[in-house]
Structures are given as C-alpha cells and as structure tokens.
C-alpha cells in the first residue's frame, strides 16, 4: 500500500473541478480514495491477505430548490460529466419537494493530515506478518484455547472536496485497526476474550499498536479467556457498576451519541436506525446526567480515530460541549440539519459532523469523537467507593430501543467489588437501564490516568446504509444502583 | 449478454493474458447501477444514483496466493492499467506469503448464468406516486431500484454471472412518537394498484395505533411473532449458528444443541434455500451452491454451511457457502396454525410486528435480547385492545423456538433484504409466524 495520493490529485483535480456543472445554484464534487490492507494469522496459519483500492467521486447539485447526487467510480472526463448531468437531473426532479432546499455553501480552503510517527509503509509485508505470527502464538496459553487470531487492518483515506463557492478541502487520514481474540471451551461452555473488542483503534501508523500494548496484551488475553472459563457467573442484583473505558465507549455511543444526532431528532432515521427520546426543546435545559457528566464533540484530539478538520460538507470542525455539568447543550447536527431545525422554529447550535463513509454515500449526521471529559477520582477512589458491585470490561453485546432509551449491555470480563476491594473474576457480566435516567446515576468519574481514547470502527446508520468509524475517549466511570445480572448458566 | 457482463468478460480475458507460469487468476465482480430516494415526512431527504464496479482478484500459484480489489472506472484503458498494476502488486505480495494449507480453488464447478432482463425503472414517476398516495401521512423510508451484478471468472475457464434488476421500497407510516407501521414493497415492475393496496392496509393498521398505548410490566407473555419478527430472531442465530467453522471452534450460539443434546421444537425445519432465494448461486471463489442445504430438521441440527476454506481446514465437502458461512436465503417450513385466525390462537397476549436490535445476552446458551418495534399490540380474547409501548425481551432460542413454541403459521412471507451496506443486498427469507407461550420480557 503506497501513498501516491498527492500525485494522483495533481492529475485528477483539474478534471474534478471541470466536472462541476455551471448554471446551477451550487455544486460540490467529493472525491475519495481508500487504500486498505487486511492481514490475519489464525491458529498459526496466515489467512489470505487482502489489499484494496476504492476510489470514486460524488457530485452533488443544488438547483431551483432541489438537490441530487450522483456517485461514480468512472473517473474519466466522460464519467464525471455523466455524473454531473445525472445529479442535475435529480435536482430538477426533487425541486420543491425536499426537506431542505438551501445548500451549505462552503468557501473554505484547508487541509488535514493524520499525525503519523511510525509509518506502516516503512515496514515490509513480512514484518507485519511476523508481528501477527508472534501475537497469535502468544494467545495460545492452554489446551482449552480452541480458536485464536491476531489481525491488522489499516486504511489510508484521501479525500478532496471542491465547491462552486471556491471551497477546497483536502484531508489525508491514516487509520490502524489491530485485533486479537482467544476462545476457550469446555463442554457446552465457551468464553472469548478479545483485544478490547474492536476498540483499540486510532489514527497513526505502527505507534497505534504501542499505544494499546498490542504485544503485551496477547498472552494476557489468552490467560483471561481461561480465567473466564473457570469463573462463576456474574451475580444478579441491584449494585454499583464500574465501567472500564472499553465498555464506556458503547455506553457513550448508544445512549448519548445516537440520541443526540440531529437527523434522528428530525426523523430521518425512523424507518431504520430509529428516532430519539431527545427533542429539540430539551437543548439548554434538560438534565441528561449528574453534575459529573461532561461530554464533548472533539475532532481535535490527536490520534483519535475520528479526528478531522472539516466534515464532508466542508464545514470547519472544532471542539464543543454537548453536555456540561449534566445539562444538555447542543446536538450532533451539521449545517443542513441545523437549518432544518431552525426552520421548525427551534434554532440550535450544532457541530461539524456531516460525514459519509465513502464516495458512494451522501453525508449524514454522524458521531465523530464523542468523549466523556475526565474527572478527579483515581481508579482506587472509584473502587473504594463501592460496597457491592462489579467492574465491567470490554463490551461483548449491545442492544437498545429505537428511541435510544431502554438498553442492555454485556461485557466480556467482570470482577466483583466488595467493601471497596476488587474480588474474583466473573463471566457474562451484564446490566440494563434507561438512558434518560442512567446517566443521572453517575457517581464517580475517573481522572486522566484512567482515561483512554478508543473507538468503534463499525457504526451502522443511514439509508442507503453506511458504516463509519467513531471515536470515544473516556475515563473509568462508576454508576450507582444498577440492574446487574449474568448469563444463562 | 449485458454490457456489464461483456465488459467484465473482456477485461478478465485481457487480465488472464498477463499471467505467467502456473499462475491462476480468479476474478469476482460486485456492482450496481442504483437509484436511491430517501423520504422523511413524505418529503425527499436525499435522492441520487450510485454506479460502482468492485473487482476482486486472487492471484494463485501452487499453494501461495494474494488477494486484492479495486473499483473499475468502466474505461478499458484505465482499468487495464489498474488491473495490471494490481496483478504486479499481488505477485510481489505472494512471494512474501507462506503456503496456505487451506487454499481452495474452484476446478470442477460449472459455469452458470442467471440474469433478469433489463427493466426501465422510472423513479421520478414513482416519487410522484408515493408522495401523492401518502399525502397527509408521515411517510419515512428508502426507495431503491436498478441493476445489481455479480460475476465470477477463473483463468481455468469457469464463468458465472448473476444480474437482477429490481426495485425495493422500504417504508414506514408514523402516527406520533415511536408509533408506526412498517412495510415494504419490492419486485421487478412497479404496480400502482399493488402499492396503493399496501398503503391502504398500512393506513388501516395505523388507525389501531391511535388508541392510548399500554405500558406492560416485565414478565412472561403469550406472544405472536410475525414473520418479520421471526426473521430478526433467525438473523441473530445466524451469527455463527449454521457455519461449520463456528461449530468446530465452539463459538456457535447453538453450542448446546451440538454439545449438550438440546433441541428445538420438532416442527422447526430450516433450510438454506438458494433455489428459492433471490441471490446468486455462486460465491466469491466461484463455488456453486446446491439448491438446498438442510440446517435444522425436526428441531435438530442437520448440515452446516461450509465455505471452501473451512472445507479444506476441516475435511468436509464445501456447499458453496460464503466466507462468513451465513445463510442468504433462509426458508422455514410452515406449520398448522391458521394465519387467518392467528389472533384467536393468540387469545390474550402480545402481537409483535417487528423485533429490533437483537444481540446475545449469553451466546453459548443462545440467549438473545432485543426490543419490540413498530406495530406491536396488546390483544385480549383475540381482539386488539391497544398498542404496546416498546418492551425488551431476553430469552433463549430453546424457549422461543423450542419448549415454548405453540406452533408456526400455515402461510409464510417472502421478505427481501433492504440492506445496502456496500451495495444492495440480494438476500431474502421465507418464513412463517410463530406463536410462543411465556416469552420473557425484562424492561
């Protein structure tokens, strides 16, 4: 996988610009090229390597109160011209019958590039395979490990947006997604322990693996799978739940991130991903959580998976508080959604979060990096404050209703907490609650030493469907009086 | 032969001329020319077209290989240059790869051809009709139409082609809040009368949602699961439930059936019915699927879906499963419950139109959790009393389709997958409804 994008742009950019149609109110062309490599070693056997190049362009046209897009992998002059004509026809077809008829005119010129200190391109394929061979071998700690794998996916994403308003946004993102698991079995009982599920991801090169202790964790994961096989089922009852960062990311994602997406609040997702219990009139006054809850949209966090300088409509992005001291401040809504909310008489400030998963899908409101700001408690403080509870690590299962309220999450690995002390490991630790009240039970927020900047690479949403990476940084957090339970056996 | 098939064939023939020595090249094309129109409140949220052609290559020599993919521009000169570059890159990668003991190459599968004739979709007219028929309603959803292409070609001579040209309108009518009726209408040719009839039926159901909703307490309820709800249940079980690799590595959610003698109700018979489905009958490496694979027979495990790779790893003949070994055309046999009088059979309990966001709460025990969604009603003595607010269930498949299964309906529905992740799905299911005693609801 080589980084040839700048040279490619030199050749492509004049043709992309020439494809922007004249005689319309506003138009954009968004080119993206994703170069990816996936490597895996499973039970000592290198799996088929896979590399890919996915390049194409979407042309969007606003004209006469209508809007339409056309996306094509045909990047010839004639292919781009045909796409522009098709988008223009769509704009004519939709004129006067759309939910939004005002374009997010962008005149910005700017760029972004992921910070990379140890580029993958300076390693060989043999180097990368050897890394995985060693990790896969280290997972194999016991005869009861019946399956194991170490994998590495990395993507280089280059995007270029040009607008008829003079805008030019170029962003080069370098992402690394390492993964490992070990599965242990005894009879009808199977337990799997992973490397943070898919959470240990970030922008950067090989340093991302060091950031999350890839080499060190392999043997630990194997041993923890065996521990789980021998552990008791998590007890059932109302107790305190202390959530590790690799569970907090799902809690944030499902019960803060999605409910605050402005397009959901406006109803766009009701046929698929769902609506939201949050309504427009709640911003500025609704108590979402306890005073300890501070949540930000932070596209500036270096190395986090969804950092960027501009969203895919070209709007400049900056850190904003979504929830401050427990009170809801602003939704996750891009320029178009903000205009739609304003047209309904409920103006809200949003963020620059209109994102597309690739060239072949139009931007929609998305989470980017949605982070819980650290508090002041050390990890020991958080545990010491629990009389009876469980420390839950690594999300294993997630389910929530279509209004993002009633949820149930399970984790891979739990430890009982009794009288302020961490106790034995338990398997299948799970809990359930309701978003609208759950965050009000937040009784302790860890300090920066407990915080990790993680992510979820597979967030699905939208019609047509899109999968995108979102980032979530969080300290360890404690919740009081939660409905906790274990598995069926 | 369509233009796309001709283009693919010519490009592959040229690519094969670039091979040297004992190299084998397999090519897989996944493409579409689709229109998408997204609606909210009976207005258009987004409308546009997507044209894409993803070509995947696997360059093989002996037991070493390397795979890659690229988007075709549909310009022979550009694409030949890109393919040549990728072949060179794969050749270089292959040198660094160790032998692959589980490499499976299609050598004795037949060439096949299955293509719909082109259909002249007219999305502008359809939009007019949708907005007119749904006037005054809060309609939200996605209309998609156009051609979907899947093709396989091997330098050994095998050729397979699948091409569909359909539409699918997946939509909901909302009354207020989360109270809505979900519906879909798909096929080859848009039929105004058929669509209007579906709108009429949905409008009638919407009237029932206008009654004050009930908050049910957690507990166990006699429940009728519509075919769509059954589909959601089977979809979660399909995450490893029927694949050979998941079974051999003990990660299947049906582990208790495999290791502990557990079973489902004797009336449960499940097949991967490729012949009755709507997708291609071949997979990415060119292995052709049999018409049917029996997955569950009389409530007991039968065959597994076996990918070519698993076939090599575990020494079991492949049945042309994809690498993920998940069903693409699940079919369940019908039962004896009358679909026409299912409310009478339910008596008093929950009528569940859809389930949503299912996941495992204990995978090894096949205990699943999820939510009710869309049209779900409380029924007393066979009469709909009120819509029910959303409830979370948490129960095992051994209860829902096992000990607690009262029966399956005597009719089944064909459900087309409206999924569009990466491209438009060609998956489908044919399922009956299920009446269950004492389904566990927890929140």
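The values are calculated or read from the model by the stated rules, or taken from the named source; none is laboratory data. Keep in mind it's a predicted model, so treat the numbers as computed, not measured. Cβ sites come from the backbone with ideal geometry, for glycine too, and all protein chains shown count toward neighbours.
Things to note:
- Evaluated against (1) in contact (Cβ under 8 Å) with a residue 24 or more places away in the chain; (2) within 14 Å of another protein chain (Cβ to nearest Cβ); (3) out of contact with any strand residue (DSSP E or B) (no Cβ under 6 Å at 6 or more places or on another chain), residue B:263 falls short on exactly one condition, (3).
- Members of the range B:49-104 found to be within 32 Å of the chain's Cα centre (by Cα), more than 28 Å from residue B:421 (Cα to Cα) and at the interface with another protein chain (Cβ under 8 Å from one of its Cβ atoms), listed by number: B:100, B:101, B:102
- Verdict on residue B:25 being touching a strand residue (DSSP E or B) at 6+ places or on another chain (Cβ under 6 Å), within 22 Å of residue B:159 (Cα to Cα) and either surrounded by 22 or more Cβ atoms within 10 Å (Cβ to Cβ) or more than 8 Å from chain A (Cβ to nearest Cβ) (or both): yes
- Taking the range B:105-121 as the range and being surrounded by fewer than 14 Cβ atoms within 10 Å (Cβ to Cβ) and either part of a loop (DSSP other than H, G, I, E, B) or within 14 Å of chain A (Cβ to nearest Cβ) (or both) as the test, the residues that pass are B:107, B:108, B:110, B:117, B:118, B:120.
- Selection over the range B:287-318 of residues that are closer than 19 Å to residue B:408 by Cβ and in contact with a strand residue (DSSP E or B) (Cβ under 6 Å, 6 or more places away or on another chain) gives a count of 5.
- Restricted to the range A:382-401, and to residues there that are touching a strand residue (DSSP E or B) at 6+ places or on another chain (Cβ under 7 Å) and in a helix (DSSP H, G or I), the residue that is surrounded by the fewest Cβ atoms within 10 Å (Cβ to Cβ) is A:383.
- When residues of the range A:197-224 are limited to those that are more than 26 Å from residue A:299 (Cβ to Cβ) and in contact with a helix residue (DSSP H, G or I) (Cβ under 8 Å, 6 or more places away or on another chain), the one surrounded by the fewest Cβ atoms within 10 Å (Cβ to Cβ): A:215
- Test: residue A:276 is crowded, with 19+ Cβ neighbours inside 10 Å, part of a helix (DSSP H, G or I) and in the same structural domain as residue A:476 (by TED's automatic domain parsing): no
- Pair list, Cβ < 6 Å and 6+ apart or interchain, from the range B:356-367 residues that are free of Cβ contacts under 8 Å to residues at least 40 places away in the same chain and facing chain A (nearest Cβ under 7 Å) to residues that are buried (at least 22 other Cβ atoms within 10 Å of the Cβ) and not in a strand (DSSP E or B): B:362/A:428
- Meets criteria (under 25 Å from residue A:201 (Cβ atoms), part of a helix (DSSP H, G or I) and within 14 Å of chain B (Cβ to nearest Cβ)) for residue A:312: no
- Only one entry in A:298, A:281 is more than 14 Å from chain B (Cβ to nearest Cβ), closer than 28 Å to residue B:46 by Cβ and surrounded by fewer than 24 Cβ atoms within 10 Å (Cβ to Cβ), namely A:281.
- Residue in the range B:391-406 that is facing chain A (nearest Cβ under 9 Å), out of contact with any helix residue (DSSP H, G or I) (no Cβ under 6 Å at 6 or more places or on another chain), buried (at least 23 other Cβ atoms within 10 Å of the Cβ) and assigned to a helix (DSSP H, G or I) present: no
- Residues that are out of contact with any strand residue (DSSP E or B) (no Cβ under 6 Å at 6 or more places or on another chain) and under 20 Å from residue A:100 (Cα atoms) within the range A:255-271 comprise A:264, A:265, A:266, A:269, listed in sequence order.
- When B:91, B:45, B:137 are checked against the criterion of being buried (at least 16 other Cβ atoms within 10 Å of the Cβ), in the same structural domain as residue B:176 (by TED's automatic domain parsing) and over 30 Å from residue B:194 (Cβ atoms), a single residue qualifies: B:91.
- Of the strands (runs of 3 or more DSSP E) lying entirely inside the range B:276-375, those containing at least 3 residues that are under 30 Å from residue A:258 (Cα atoms) are B:349-362.
- Look at the range B:126-153: where a residue is on the phi > 0 side of the Ramachandran plot and within 13 Å of chain A (Cβ to nearest Cβ) and a partner is part of a strand (DSSP E or B) and buried (at least 20 other Cβ atoms within 10 Å of the Cβ), sitting 6+ places away or on another chain with Cβ atoms under 6 Å, you get B:141/B:39; B:141/B:170; B:141/B:171; B:141/B:172; B:146/B:34; B:146/B:35.
- Taken over the range A:423-461, the criterion of being surrounded by fewer than 16 Cβ atoms within 10 Å (Cβ to Cβ) and away from chain B (no Cβ under 14 Å) is satisfied by A:423, A:424, A:448, A:449.
- Tabulated pairs, the range B:2-13, first free of Cβ contacts under 8 Å to residues at least 12 places away in the same chain, second assigned to a helix (DSSP H, G or I), C-beta under 7 angstrom, 6+ apart or interchain: none
- Spans of strands (runs of 3 or more DSSP E) in the range A:97-204 with at least 2 residues in contact (Cβ under 8 Å) with a residue 60 or more places away in the chain and within 14 Å of another protein chain (Cβ to nearest Cβ): A:145-163, A:189-194
- Hey, residue B:420 under 21 Å from the mean Cα position of the chain (by Cα), away from every other protein chain (no Cβ under 14 Å), under 24 Å from residue A:460 (Cβ atoms) and not in a strand (DSSP E or B) or not: no
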